[in-house]
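Following: one structure in structure tokens, then a few remarks.
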Amino acid sequence: MNQILTDGAKHLALVVAAGLRIACLVALSVSGTGHAAEKWPVKQFELVETIPWHDDVVVGGSGAAAIARAFGLNPETPTPTNAKLSPELKREVELYLARIAQQFEAWGFPAPDLNPVVQLDDGRLAYRVYYVDLVSGRSRYESNSWILEPLAPSENIIFFHNRNLLQSGRLSQSGKSTLAHELFHAVQGATKLRQDYPGKLGSWIVEGQASAVGYDTERLLAGGNGNLPKDSGRSWWGLRDYSRALPVPRGSGESAPDIAYQTSSFWRYLAELDYSRGHRELDALPGPMPAPYDYRYLNYFLAQTVPEKTLAGEVAWLDGALRNYHRFRFPLNRVYANFIAAYVEYGRYRAETPNFRGSDADALLWVYESFPDCPAETLTPTQRKVSMIVDLAQAATACRGIYAEGFAPEVSADVQLAADSQALLEQLAVVFDGGQRVVVPSSIGVDNAAGKARARWSIRLREKPAAVSIGGFLPNNIFVLNIARIARDTKRQSVELTVSIGGSEVLQSTPGPAEPAAAEQPSREDKRTGKPDEAGPAGAAKAADGRRQRAADKVTSNGPLGQRIERENAEPMMKIHLRSVPDELAVLGEVNGTGGLMEQILASAGVVERAGPAGFVGGVTQAIVDRTESVELRIPRIDYGFTGTFRNAEILLSRPAASTLEARGPVDADPGAFVEFLPSGSITIDEYRPEFLSGTFVGDLIDRSANPVHSRDRVVTAKIERRVQGRFWISSPWQGDDRIEPVLSSGLEADFRSDMLQRLPAELAPVAAGGSFGESSGNQPGESPSSSANSGGCDCSCAAKAQVTATLDAIDDDKGPSGDELQAVGCMMSCMQTYASCPGD
């Protein structure tokens, strides 16, 4: 397995190199938003100040039109309304609707399912829409096919409520977005999705899309593709409770719940992703900053059919569309995690409100309104572990906050999740704020006896002073997402979340009162001001570089490499290792990038590359030379739940360029040496659970090399060199327990491919994805047998590997990429696992 992983990494590096070379050769010209072939034969509108009498909502009773006909009345006769429509407002609205139609046509949207169509005085055709003042106070698109009302009108019409459109008698910013919102509903009505699903399709789709398109069309026509005025209200950015499931039912009444409209933030994220992918940007993941957007992706999504008329069917529809749309090719679980990573920072970068002018306050308010149940716990030098149960619905996100008080301004910490099975654990992804982003489990431990699966992430917690305006400190937020790789198969679950800060404190002295050894103390220069990290990929890289620079030439006792145990069920003794390690190595083991496992590897490599490999190695070497001593404790093998003290325990203290000191443990004399080693070692276990081990130790140490082998005296007592005592806190001791089986995530290969696709231009995505993310006969969406001899049109046999490798090696940097070269990149990715097991490497 190790050889396979090594070879797989080698092939992955080849794919990365070839893909990036090809990406550089692809022309970087920006594709414009030019008009597609004319799809809208009618792009004019007539706004009339009247109500078509056949609308049963207006007259207040179901079947009113049929009743009218029974009494010989004409349901088509317009009735007056109290709305007052000036000629100036009428003209302004009609012209603005025409501009919206032009933009919708440019995005490739089909002509709306809207009538009546009338002929204007100048001979042009126009859609008639209605300007009303109703008790309901709502603008709406009314479609017979949508409401399934057998007595409803046959026409699909739009009402614009005057109070939705106006501010001080003029068409408002909100009114303009309302015009686009309702017209987009008519566009939805003309698509395959709505025609094949005429019932109440989930409002998170219908209203979420319309809200996003409505707001962003107004932004675009206003001359900007970026930010909104910060006092426009957070609803424009789609602030919603994402601790609830992403899919939202339409609701029992005629109107959709507010949360459905607020799902616009997710659909807008996809539009930002579509723009970045369409403009051939590398590492093209939208961040928290406002970004350009492109809603062309909706043409593909709305042309797909929901497999079944349930929320699960709607989720499967979304998952399939994301996997198969040519600019994405990413499954929902990856896209949603990346979305949440950006979304949780919107409060700082997009949605500053009029009442909160400090960015810290806005960031805090955004998170707490998006995740109303986000309790916070505090870690201190005396309370280094907190555990909590997190309940997760399908396709939902949970939030937990952690304060780190009394440590250095930045401190290494472990985040662990324990689920009831490996399959349930693999549904989870974790998002960290402050420039530390998305990670899915790569290394998992399965405890078959306890029926638990565990995963561990290493991050940095910061002491985050808040702005003076609000005072105090800000929490480090952790977000846990629950979506399976096959999204419709996601199970609701409860998981145990543990956050801990490992480490050790070692005090040494000559016999007598113990004096503290030189401890690692933060310098004044290390103090952070609480200023947020920059957003986006460049900001994440800068944040990682900053952590490395603050770690340079230093050692840490609480990094992910510092403390560990060795426990083998066949051995009578177990070992506890305590050591300080170069902090720069700890940085590499922590979360530095955006995305999945490959992103973390590339981000760590980027930290080294930007620092200069020689300088990086020099700093690590210097830290090793200057490192403090390491301690090894040996005790009888114990099990989880044990607490107690071992007397006469063995303690070893290793010193740089010096002999090892030790408390001898159970063997108190060498046979025949006539030298007595007095028992002194004592080790106390305060807590031992799979996720955390803590305790204390003390012992008088001798140097065996400084004592005689033989003595003329009858007995010689070994000289005590010094006393050592201290405490230890070890996160994730399960990783050193041979009863817990380390396994690779079953989705590791798919994660590698998904991460790679995110870094390549959209032109390469269809080729690189092959058939792995699409529907394939006999497999779930996105799942294809990795051992197959053919994957997405690629020959995955070992015989074909040489030809693919030769094609990649022969890429000419002076020429544009050929079709064969694009295909070779895709095949190397699709066949990576089987190629890695081929002989001869």
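General remarks:
- A count restricted to the range 230-264 and to residues that are at pLDDT 70 or above and among the hydroxyl-bearing types (Ser, Thr, Tyr) stands at 6.
- Test: residue in the range 305-325 that is at pLDDT below 95 and under 28 Å from residue 466 (Cα atoms): no
- Any hit, the range 727-734, residues being under 14 Å from residue 576 (Cα atoms), surrounded by fewer than 20 Cβ atoms within 10 Å (Cβ to Cβ), of a type outside the set (A, V, I, L, M, F, W, C) and modelled with pLDDT of 65 or more: yes
- Listed by position, the strands (runs of 3 or more DSSP E) enclosed by the range 347-421 that each have at least 1 residues that are among the charged types (D, E, K, R) and touching a Leu at 6+ places or on another chain (Cβ under 8 Å) are 385-392, 396-404, 410-419.
- Residues of the range 376-413 that are surrounded by fewer than 22 Cβ atoms within 10 Å (Cβ to Cβ) and touching a Gly at 6+ places or on another chain (Cβ under 7 Å): 376, 380, 381.
- Filter pass, residue 329 being farther than 23 Å from residue 498 by Cα and over 16 Å from the mean Cα position of the chain (by Cα): yes
- Of all residues in the range 551-581, those being modelled with pLDDT under 75, closer than 30 Å to residue 341 by Cβ, of a type outside the set (Gly, Ala, Ser) and buried (at least 20 other Cβ atoms within 10 Å of the Cβ) number 5.
- Any hit, the range 391-405, residues being touching a helix residue (DSSP H, G or I) at 6+ places or on another chain (Cβ under 8 Å), farther than 22 Å from residue 584 by Cα, of a type outside the set (S, T, N, Q) and modelled with pLDDT under 85: no
- Residue that is modelled with the highest pLDDT, among those in the range 92-145 that are surrounded by fewer than 17 Cβ atoms within 10 Å (Cβ to Cβ) and part of a strand (DSSP E or B): 125
- Meets criteria (surrounded by 17 or more Cβ atoms within 10 Å (Cβ to Cβ), over 40 Å from the mean Cα position of the chain (by Cα), modelled with pLDDT of 70 or more and outside any helix (DSSP H, G or I)) for residue 152: no
- So residue 359, is it among the polar types (S, T, N, Q) and in contact with a Phe, Trp or Tyr (Cβ under 8 Å, 6 or more places away or on another chain): no
Residue-wise test of (1) in contact with an Asp or Glu (Cβ under 6 Å, 6 or more places away or on another chain); (2) farther than 22 Å from residue 381 by Cβ; (3) at pLDDT 95 or above; (4) buried (at least 21 other Cβ atoms within 10 Å of the Cβ).
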site	(1), (2), (3), (4)
467	yes, yes, no, no
479	no, yes, yes, yes
483	no, yes, yes, yes
491	no, yes, yes, no
495	no, yes, yes, yes
505	no, no, no, no
512	no, yes, no, no
515	no, no, no, no
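The values are calculated or read from the model by the stated rules, or taken from the named source; none is laboratory data. As the structure is a computational prediction, the values presented were derived from the model and not from experiment. A quick note on method: Cβ atoms are made from the backbone with ideal geometry, for glycine too, and the neighbour counts reach across all protein chains shown.
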